[in-house]
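Bear in mind that the values in this text are calculations on the coordinates, not laboratory data. In this text the structure is predicted, and so the values were computed from the model without any measurement. Neighbour counts are summed over all protein chains in view; Cβ atoms, including those assigned to glycine, are modelled from backbone coordinates with ideal geometry.
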Amino acid sequence: MSTFPSPDNPGGLPPQEPRPDDGSRRSFMKQAGGILGLALAPPLVAQAERLTAYSKTVEGVSAIKLKVNGTVHTIQAEPRVSLLDALREYLDLTGTKKGCDHGQCGACTVHVDGKRTLACLSLAIMTQGKEVTTIEGLAQGEQLHPMQEAFLKHDGLQCGYCTPGQIMSAVACVREGHAGSEAEIREYMSGNLCRCGAYPNIVAAVREVAGQSAKG
């Protein structure tokens, strides 16, 4: 249908009907552009900046002072860093092993103030002001700890991966007075897993050291 020419329509073309929103790609892009414009509005940008600054504050590093094997170390680490990662990644004390990292295998056992502790479940920042002993701190120079010697004597290891945690737990087991019988040793060493199955030899090593302690 044509119409008469006019200043606004010199060609006399029929008026254009508005095109309906047909869900096409062009309509989608227009809507997406509008949403993006709202997302980048100054108030929301300022809010995003505040959230970013807050996250940086939470995740920022802190100076953590650890006393390990009689030596004080200061590391720069996030508050969420575990004692296990602090020992291995920051202090290069790799004798403490990372096994399951869920507190189920005992490979990461260390002593904190003389008590056996799972390093993977402990935050490094929470051990400040405490005495941490790892497998590297048991021996006195070239003189092995009696439990280390007993493990060698009774062949209480095969692959050796669990051995540091086994020894640390065994030392604590004797110190706690829970090595009076084979059954008691098995009970109080049950948190340390040995995939090689060296349990009889481990028990023999613990019994020998417990007997030496009783005589002493």
*Take the Cα of residue 61, step 7 Å along the line toward its Cβ, and report every residue of region 117-132 whose backbone nitrogen sits under 18 Å from that point.*
124-126
*Tell me the label-point distance for the pair residue 69, residue 115, using the 7 Å Cα-to-Cβ offset, in nm and rounded to one decimal.*
2.4
*Take peptides 131-140, 72-81 and line them up by average Cβ neighbours within 10 Å, highest first, as a rough protection proxy.*
131-140, 72-81
*How large is ³J(HN,Hα), in whole Hz, for each residue of region 103-108 in order, when computed from phi with the Karplus curve 6.51 cos²θ - 1.76 cosθ + 1.60 and θ = phi - 60°, using x for Gly and Pro?*
x, 10, 10, x, 5, 9
_Apply the Karplus curve 6.51 cos²θ - 1.76 cosθ + 1.60, θ = phi - 60°, to the phi angles in region 129-141 and return the couplings in whole Hz, x for Gly and Pro._
x, 10, 8, 10, 10, 10, 4, 5, x, 6, 6, 9, x
*Of the cross-linked pairs 130/215; 65/97; 67/153; 98/130; 67/98, which ones have a Cα-Cα span greater than 25 Å in the structure shown?*
130/215; 67/153
*Per-selection Rg to Rh, region 100-216 - Cα, Kirkwood hydrodynamic radius*: 0.95
*Subtracting the Cα-Cα distance from 0.36 nm times the residue separation, let me have the gained length for residue 187 to residue 142 in nm, one decimal.*
13.0 nm
*Which number do you get for Rg(Cα) / (2.2 N^0.38 Å) in region 164-216?*
1.02
